[in-house]
Amino acid sequence: DYNAAIEKYLEAYAVADTSELKAAIGIKQGEAYYLMKHYDEAADVFKKTMEAYPNLSVYPDAVANWYTVLLAQKKKDEIIAHFNQQFKGAVDKAEYQAVYLSAAKAFSASGNVGQAMAVMDKILALAGISEQQKAMVALQKARVLAENGKCADAVTFIDGHLNGDAGIKAPLLLLKGKCHLTLKQYDNSWAAYEQVSRDFAGSPSMTEAFCG
């Protein structure tokens, strides 16, 4: 019951006696609006939270959530403008990963592949990034190339990462199958989908591979 939750968050915010608590409540309220698809309200709450508490640990979460809502609203230019203004210099903390990743998605949606890839390279340079997180960045890089019509480059990139983190192997192979299909390389597309159906039997990836 998101409406009831929002009412409770408002009540809690009114009696919260620390900035940390108010900021945390703001994040939860924004999340409730987002889940209701009330994007204008969610964006307003997240933006007010990040502007009110720029020095608290919740700040990266507020910015990342605001970017997520803007992506849902297809307001990529607003993300890019804010990112270029606030994060042009490198921020070397792992908690900013979601901020950088959303910015990369905005650049990709604008067709600026080079800038999207550069932002994801900054993620890889953040202190404290785990190997699993690095793998997810690699997957997103492959998606950026594919989504912007650079399917041959995407296939080359994917082939260079298939022996890495096992957690991204299935989505990489599925993406490889789609890229080969776009390139009308049907035998290669079939082989990629077949490998997924064989190596990931019983998983949701297998279903997607059969559809491919």
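The values are calculated or read from the model by the stated rules, or taken from the named source; none is laboratory data. The shown structure was predicted, so the numbers you read here are calculated from the model rather than taken from an experiment. Glycine gets a Cβ as well: all are built from the backbone with ideal geometry, and neighbour counts include every protein chain shown. Note: accessible area is taken over every heavy atom of the protein model, side chains too, but ligands, DNA and RNA are not part of it. Shrake-Rupley method; radii C 1.70, N 1.55, O 1.52, S 1.80 Å.
Observations on the model:
- Residues in the range 7-33 that are under 20 Å from Val63 (Cα atoms), surrounded by 15 or more Cβ atoms within 10 Å (Cβ to Cβ) and either in contact with a Ser or Thr (Cβ under 9 Å, 6 or more places away or on another chain) or of a type in the set (A, V, I, L, M) (or both): Lys22, Ala23, Ala24, Ile25, Gly26, Ile27, Gln29, Gly30, Ala32.
A quick yes/no check of all residues on (1) over 13 Å from the mean Cα position of the chain (by Cα); (2) aliphatic (A, V, I, L, M); (3) assigned to a helix (DSSP H, G or I); (4) within 27 Å of Cys179 (Cα to Cα):
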| site | (1), (2), (3), (4) |
| --- | --- |
| Tyr100 | no, no, yes, yes |
| Ala103 | no, yes, yes, yes |
| Ala106 | no, yes, yes, yes |
| Gly114 | yes, no, yes, yes |
| Met120 | no, yes, yes, yes |
| Leu139 | no, yes, yes, yes |
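- Within the range 150-162, the set of residues being within 20 Å of the chain's Cα centre (by Cα) and open to solvent by less than 60 Å² (accessible area, probe 1.4 Å) comprises Ala154, Phe157, Ile158.
- Taking the listed residues Ala125, Ala154, Ala170, Ala135, the one that is aliphatic (A, V, I, L, M) and out of contact with any helix residue (DSSP H, G or I) (no Cβ under 9 Å at 6 or more places or on another chain) is Ala125, with no other qualifying.
- Assessment of the range 78-90 against the conditions (free of Cβ contacts under 8 Å to residues at least 12 places away in the same chain, closer than 28 Å to Gln140 by Cβ and in a loop (DSSP other than H, G, I, E, B)) yields at least one matching residue.
- Qualifying residue in the range 65-77 (condition: open to solvent by 50 Å² or more (accessible area, probe 1.4 Å) and farther than 29 Å from Gly111 by Cβ): no
- Residue list for the range 166-194, restricted to those being hydroxyl-bearing (Ser, Thr, Tyr) and free of Cβ contacts under 8 Å to residues at least 24 places away in the same chain: Tyr186, Ser189, Tyr193
- Members of the range 35-62 that are in a helix (DSSP H, G or I), surrounded by fewer than 21 Cβ atoms within 10 Å (Cβ to Cβ) and of a type in the set (Ser, Thr, Tyr): Tyr39, Tyr59
- Take the conditions (1) open to solvent by less than 20 Å² (accessible area, probe 1.4 Å); (2) more than 16 Å from the chain's Cα centre (by Cα); Leu181 misses just one of them, which is (1).
- Scope the range 15-25; condition farther than 15 Å from Ala4 by Cα and either touching a residue at least 40 places away in the same chain (Cβ under 8 Å) or in a helix (DSSP H, G or I) (or both); matching residues: Val15, Ser19, Glu20, Leu21, Lys22, Ala23, Ala24
- Unique match (being aliphatic (A, V, I, L, M), open to solvent by less than 70 Å² (accessible area, probe 1.4 Å), at pLDDT 95 or above and under 20 Å from Leu71 (Cα atoms)) among Ala170, Ala118, Ala146: Ala146
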